[in-house]
Amino acid sequence: MSGPDGGVPHRRTGRRVEATAPLDLSGAGRATAEAVRFLRECQGHGLSVRWRAAGTPSYDPALLRHLPPPVELPADPGALEAWRTEHTHGVLYHRRGPDFVTVLDRRRRGTAVRLTLDHPGLLGTFLRLLEPTPVAVLDPVGREALALLTAERLVLACGGWAVTLPPRIRRWPVPCTAI
Amino acid sequence: MRVHLVTMPWHPLDLPSLQLGLLHRIVRRARPGDEVTEFHGSLRWAEFLLEHSGGRLTPGDCVEVGSDAIFHGLGDWVFSGALYDDPGWGTARLRDYAAGRGVPVGTALAMRPYAAGFVDACATEILAADPDVVGFTSTFMQNVPSLALARALKRRRPGLTVVFGGSNCDGPMGHALHRNHPFVDHVVRGEAEYAFPALLRHLAAGTDPVDVPGLCWWDGPVSRANTETRRTVAPADIPSPDYDQWQAALDASPVQEYLHPKLVVEGARGCWWGEKHHCTFCGLNGSAMAFRAKPGERLWTEIDRLVRRHRILDVVTVDNIIDMAYFRDFLPRVAASGWDLRLHYEVKSNLTPAQLRLLGDSGTVHIQPGIESLGSRVLDLMDKGVTGARNVRTLRECENHALTCSWNLLYGFPGERDDDYTPVIDQLPALVHLQPPSGAHRIQLERFSPHFTDPDLGFGKRRPAAMYQHVYDLPEDELADLVYLFDTEPAGIGGAVERRLREAVAAWRAGHADSRLLFEEDGAELLVHDRRHGRPPATHRFTGWQAAALRHLEDGRTVPALHRLLTAGGHEVPGEALETWVRRAVGRGLLFRDGATCVSLPTWGEPVRLPEGSG
């Protein structure tokens, strides 16, 4: 994939992307999972994205703070400022290796947690949930992995759908050592 | 035999020791019956400081003293008190030195009181393993910490054999280290692949190592230095490093949470450019310039093994220059892996855009292209084999391919003149959107460099660098053989031009973060969006021959060559009009002029830019 796609209508000019309709963050179902996937992919490809938010999250909205902030957050305009302040490129991302994935998580200020996902069940579910997926289709191994990944705040599970949160880093910033 | 391999501070905390990794394999390969253990003293030191200072002295402080202060000898000085049994040894001289140069020494001073206790603890731990041979590897500021520990070991167990090796032991340095430190039994000078197993054979047999090339050994009270060999180690005999014991040490270490571990690999030794044209200031290859590279397929096999084993995707290569064959037989393999590797490589500056793209595609996103200068005459003086225009082009392509480019701007070359710098300094504000150098630095005289070996090149008067006065308690004639860096009378530019250069580089670094100069194609028009620091925002529109000219100049050309290209492309441009247009474009900072050559400055790519150290 060379850029974001999925069900989110958008326009792309060079390295700039604009979502043409508000993205539903309510967590009521597939739309929110697709919105997360869209923003996550933009972030991973180093694209600058302009978007507006709709809906009131039924989950902890801080789960999305590693994604680029919207220009509008009608449900909670006060939180928009915090999102803008807290958002840093590369605060949460993953990288692929042979039979493992590493996750770097610097969402808690002053910490840099490095996780290596190499357990087949965990790794398989993490990768599968890069595509928004109904929780109902997961088998018991998938459900157990989902619980662990949700507890680590690496997956958003809401409204019967689940989606992986850390973008895969496709384009390193300059300097690449900054993240 | 039990062989204990030691790397002392200030080995970088986030990297395994390639030297230990190689030596481990070399001993195991030559002597399968020997027991090989490793002591990762740098990691131990970080742990010791953290624990004994109650958390005040952190791994970040080790970087400040051990890596950032290489040119001031702070890391060695921390351990000089332990080596000379005098906690206050050299402190007054260090303070004088630092005051005169504005060098911060607070962290080093805070560390010094822990050094002797640490050395003692290291000796206890190593002796508990009951080794027959303890081998130290020493590079940069590892000499004094290693000597301090070696002395403590021999004092407590005189029958132990202490061996030194590593870059600090190359050539006359190794012999000086040996003859001035009787508790060092042997010094392996040069590469260890053949010499170290040969020494171990002599130790096992109890015979004098008279036939081991380059080796220093004691013949009674006399320090003997065997003649060094010109024979270099064949790539097939260079093993793949073993990092298992490093991984175990890291996994058990409380400082692990402070570190971002990376793998270290070696594709090649020596320098293929230096074999033909030795850059006049560079002494990095020591006495072994001959370039030898592992086949790309083998290097990839080694990385594949290490990545799978250690689950680490960051890879640092130690090669002084990339083998150009790797663009065919190594980098495509890395790119095809589909893994999100991040590699660091030193490259030559005159790479093509396609080669730079391949670097980016393979995850080799951190490069060190040896740019050194943006003025062609100065680059000629250093025999660098590249022009200023070409270097500017490389910097521009790094933006296009989101490559992180580490480089220094060096000056102080004998024979350089003010007017080599003035036109470059005048144009530096136009480059503010490209990655700046780490700083403008006057070159130092390095052992093994042409500047060192040939005093007629301009550095006739030299003496061991002043910093060694607070590192070693040795007379100057011994230091002259022992050390790597020398002070000289300054050559080249000085005064106002030097000041202007340093100020212009500081302004470049300060103005870079928000500066952009971007091409955009808009139908038949070529737009240039200028958002550079120090200039009003502007969008320039070009069509016809002017747009074509800007595109042609991306490769860097003279005006007559550009004229021929435009004419061949069907553009009728009077020569005078072209000259005028080029002058104006240089004036607007859209082109960089290096002598007769002009190169376009706008970029197509816009990397995500972050402040250094924001992680």
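The values are calculated or read from the model by the stated rules, or taken from the named source; none is laboratory data. All figures in this text were calculated on a predicted structure; none of them were measured in a lab. FYI the Cβ positions are ideal-geometry reconstructions off the backbone, even for glycines, and counts take in every protein chain you see.
A few points about this structure:
- The range A:80-90, subset of a type outside the set (S, T, N, Q) and facing chain B (nearest Cβ under 9 Å), residue surrounded by the fewest Cβ atoms within 10 Å (Cβ to Cβ): A:His89
- In the range B:340-364, residue nearest to the other protein chains (Cβ to nearest Cβ) [restricted to those that are touching a Lys or Arg at 6+ places or on another chain (Cβ under 6 Å) and crowded, with 18+ Cβ neighbours inside 10 Å]: B:Asp340
- Boolean, A:Ala145 is part of a helix (DSSP H, G or I) and more than 9 Å from every other protein chain (Cβ to nearest Cβ): yes
- Meets criteria (under 20 Å from A:Gly27 (Cβ atoms) and within 16 Å of the chain's Cα centre (by Cα)) for A:Pro61: yes
- Residue check for B:Pro574: more than 14 Å from chain A (Cβ to nearest Cβ) and loosely packed, with under 15 Cβ neighbours inside 10 Å: yes
- The one condition from (1) farther than 27 Å from B:Gln368 by Cβ; (2) surrounded by 21 or more Cβ atoms within 10 Å (Cβ to Cβ); (3) under 16 Å from the mean Cα position of the chain (by Cα) that A:Ala145 does not meet is (3).
- Some residue of the range B:252-263 being within 24 Å of the chain's Cα centre (by Cα), closer than 30 Å to A:Ala112 by Cβ, surrounded by 21 or more Cβ atoms within 10 Å (Cβ to Cβ) and within 14 Å of chain A (Cβ to nearest Cβ): yes
- Boolean, B:His401 is closer than 24 Å to B:Gly511 by Cβ, within 14 Å of chain A (Cβ to nearest Cβ), out of contact with any Phe, Trp or Tyr (no Cβ under 9 Å at 6 or more places or on another chain) and not polar (S, T, N, Q): yes
- Candidates in the range B:154-168 are the residues that are in contact (Cβ under 8 Å) with a residue 40 or more places away in the chain and outside any strand (DSSP E or B); of these, the one that is nearest to B:Leu200 (Cα to Cα) is B:Gly166.
- Of the candidates B:Ile367, B:Ile321, the single residue that is within 22 Å of the chain's Cα centre (by Cα) and modelled with pLDDT of 95 or more is B:Ile367.
- Identity of the residue in the range A:99-110, within 11 Å of chain B (Cβ to nearest Cβ) and farther than 18 Å from A:Leu64 by Cα, that ends up surrounded by the fewest Cβ atoms within 10 Å (Cβ to Cβ): A:Asp99
- Among the residues making up the range B:446-462, those that are farther than 16 Å from B:Glu372 by Cβ and either of a type in the set (S, T, N, Q) or in contact with a Ser or Thr (Cβ under 8 Å, 6 or more places away or on another chain) (or both) are B:Phe448, B:Thr453, B:Leu457, B:Phe459, B:Lys461, B:Arg462.
- When the test is whether a residue is at pLDDT 95 or above and farther than 16 Å from B:His4 by Cβ, B:Val163 does not pass it.
- Helices (runs of 4 or more DSSP H) contained in the range B:430-514 and holding at least 1 residues among the basic types (Lys, Arg) and under 30 Å from B:Val608 (Cβ atoms): B:495-511
- Residue in the range A:117-142 that is nearest to the other protein chains (Cβ to nearest Cβ), counting only those that are outside any helix (DSSP H, G or I) and surrounded by 15 or more Cβ atoms within 10 Å (Cβ to Cβ): A:Leu117
- Qualifying residue in the range B:79-93 (condition: surrounded by fewer than 18 Cβ atoms within 10 Å (Cβ to Cβ), over 25 Å from the mean Cα position of the chain (by Cα) and small (Gly, Ala, Ser)): yes
- Flag if B:Val334 is within 14 Å of chain A (Cβ to nearest Cβ), buried (at least 17 other Cβ atoms within 10 Å of the Cβ) and either farther than 25 Å from B:Pro369 by Cβ or within 21 Å of the chain's Cα centre (by Cα) (or both): no
- So B:Phe71, is it surrounded by fewer than 20 Cβ atoms within 10 Å (Cβ to Cβ), closer than 28 Å to B:Asp473 by Cα and in contact with a strand residue (DSSP E or B) (Cβ under 8 Å, 6 or more places away or on another chain): yes
- Flag for A:Thr164 being away from chain B (no Cβ under 12 Å) and either in contact with a His (Cβ under 7 Å, 6 or more places away or on another chain) or surrounded by 22 or more Cβ atoms within 10 Å (Cβ to Cβ) (or both): yes
- Any hit, the range B:516-523, residues being within 31 Å of the chain's Cα centre (by Cα) and of a type outside the set (Ser, Thr, Tyr): yes
- Given (1) free of Cβ contacts under 8 Å to residues at least 24 places away in the same chain; (2) of a type in the set (Ser, Thr, Tyr); (3) within 14 Å of another protein chain (Cβ to nearest Cβ), index of the condition B:Thr227 fails: (3)
- Of the numbered criteria (1) without any contact (Cβ under 8 Å) to a residue 60 or more places away in the chain; (2) within 14 Å of chain B (Cβ to nearest Cβ); (3) buried (at least 19 other Cβ atoms within 10 Å of the Cβ); (4) not charged (D, E, K, R), the one A:Val113 fails is (3).
- When B:Leu203 is tested against (1) touching a strand residue (DSSP E or B) at 6+ places or on another chain (Cβ under 9 Å); (2) at pLDDT below 95, exactly one condition is not met: (2).
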